[in-house]
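Enquirer: Structure in structure tokens, see below.
The values are calculated or read from the model by the stated rules, or taken from the named source; none is laboratory data. What you see is a predicted model; the values in this text were computed from it and never measured. Backbone-built Cβ (ideal geometry, glycine too); neighbour counts: all protein chains shown. Heads up: the accessible areas ignore ligands, DNA and RNA and are worked out on the full protein's heavy atoms, side chains in. Shrake-Rupley method; radii C 1.70, N 1.55, O 1.52, S 1.80 Å.
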Amino acid sequence: MIAAPRLSTILLAAITVLVAALLYSPLFVPIASSFFPVARGEVDWSSPTVETYVALAGNHEILAALRTTLVVGVCTVVLSVVSGTLLALYYHGRRAGRSLLQFIVFLPFLMPPIISGLALLIFFREIGLERSLLTVVIGHTVFVLAIVYRTVLTRLQSMSRTLVEASYASARPNGRPSGASSCPTFRARWWAAPSWLSPCRSTRP
């Protein structure tokens with residue numbers, strides 16, 4: 001009786017390792033070959049070198065592209081986290097237009113990327129916004145927003161509303177709670193979320 005679940009676990013682990021190897025092993029081939037010179041389309045495995053990376057450090061176009069990638073990534077994360085959290089809080093508050101809001105958030109994520117990208121391109125052209133780094137950030141934010149929104153909303157829905165009522169009841173007239181935390185409602189059930197999802201920090205000395 002015990003051998004069957006154990007065998008299935010081993011089989012599932014073996015399949016997972018095999019799939020991961022098939023997916024990621026091709027990535028290690030160019031990484032390994034980058035440390036060896038290439039002559040006439042063939043890799044010389046007998047003489048390792050780091051000249052490729054030295055030349056890469058002096059390539060200003062590559063470095064500029066890397067800086068652009070980092071800027072787009074950081075801006076996308078910040079905008080999507082802030083916007084997704086605010087939208088999730090609005091939806092969780094049972095306000096008007098919740099269904100329409102959720103439809104708008106998920107629509108670009110559910111449509112084929114080529115359709116969403118073309119729609120954004122037409123929108124930018126109609127409003128007279130030239131293609132730039134700003135439009136790239138907006139496009140990335142539109143796609144990531146649905147993921148952040150759903151993650152935060154799921155965490156909010158897992159909290160009991162009695163916690164919110166208890167948090168309000170424990171608040172002093174100046175708005176500060178009489179307990180140990182500046183945000184006990186969120187602290188109660190957000191313990192399993194990543195650190196950037198928890199807006200609360202304890203104020204107890």
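Enquirer: With every protein chain present, what accessible area does F103 have (1.4 Å probe, heavy atoms only), rounded to the nearest 10 Å²?
Expert: Per-residue accessible area (F103): approximately 120 Å².
Enquirer: So, with +1 on the Cβ of K and R and -1 on the Cβ of D and E, and no other charges, what is the size of the charge dipole of region 1-97 about its Cα centre, to the nearest 20 debye?
Expert: 680 debye
Enquirer: Mind running the shape call on region 1-151? Use the C-alpha gyration tensor, a ≥ b ≥ c as the square roots of the eigenvalues: rounded below 1.5 for a/c, prolate if a/b tops b/c, oblate otherwise.
Expert: oblate
Enquirer: How much net charge surrounds V105 when only other residues with a Cβ under 12 Å from its Cβ are counted (Lys, Arg +1; Asp, Glu -1)?
Expert: On the way: positive: R98, R150; negative: none.
With Lys, Arg at +1 and Asp, Glu at -1, the neighbours total +2.
Enquirer: Normalised by the number of residues in region 29-152, what is the relative contact order in percent for Cα pairs under 8 Å and 6+ residues apart?
Expert: 30 percent
Enquirer: Where Lys and Arg each count +1 and Asp and Glu each count -1, what net charge lies around Y149 among other residues with Cβ under 13 Å from its Cβ?
Expert: +3
Enquirer: Heavy atoms only, 1.4 Å probe, whole protein assembly: order V152, V71, V81 by accessible area, highest first.
Expert: On the way: V152 0, V71 65, V81 35 Å².
Heavy-atom accessible area, descending, gives V71, V81, V152.
Enquirer: Sticking with this one: Within region 1-153, what whole-number % of the accessible surface is contributed by carbon and sulfur, with the 1.4 Å probe and all protein chains included in the calculation?
Expert: Values: 8500 of 11370 Å².
That fraction is 75 percent.
Enquirer: For region 96-117 and region 16-82, write down the distance between their C-alpha centroids in whole Å.
Expert: 33 Å
Enquirer: Let me ask something else about it. In what sequence, largest accessible area first, do R155, R40, R67 appear using a 1.4 Å probe?
Expert: My answer, sorted largest first, is R40, R67, R155.
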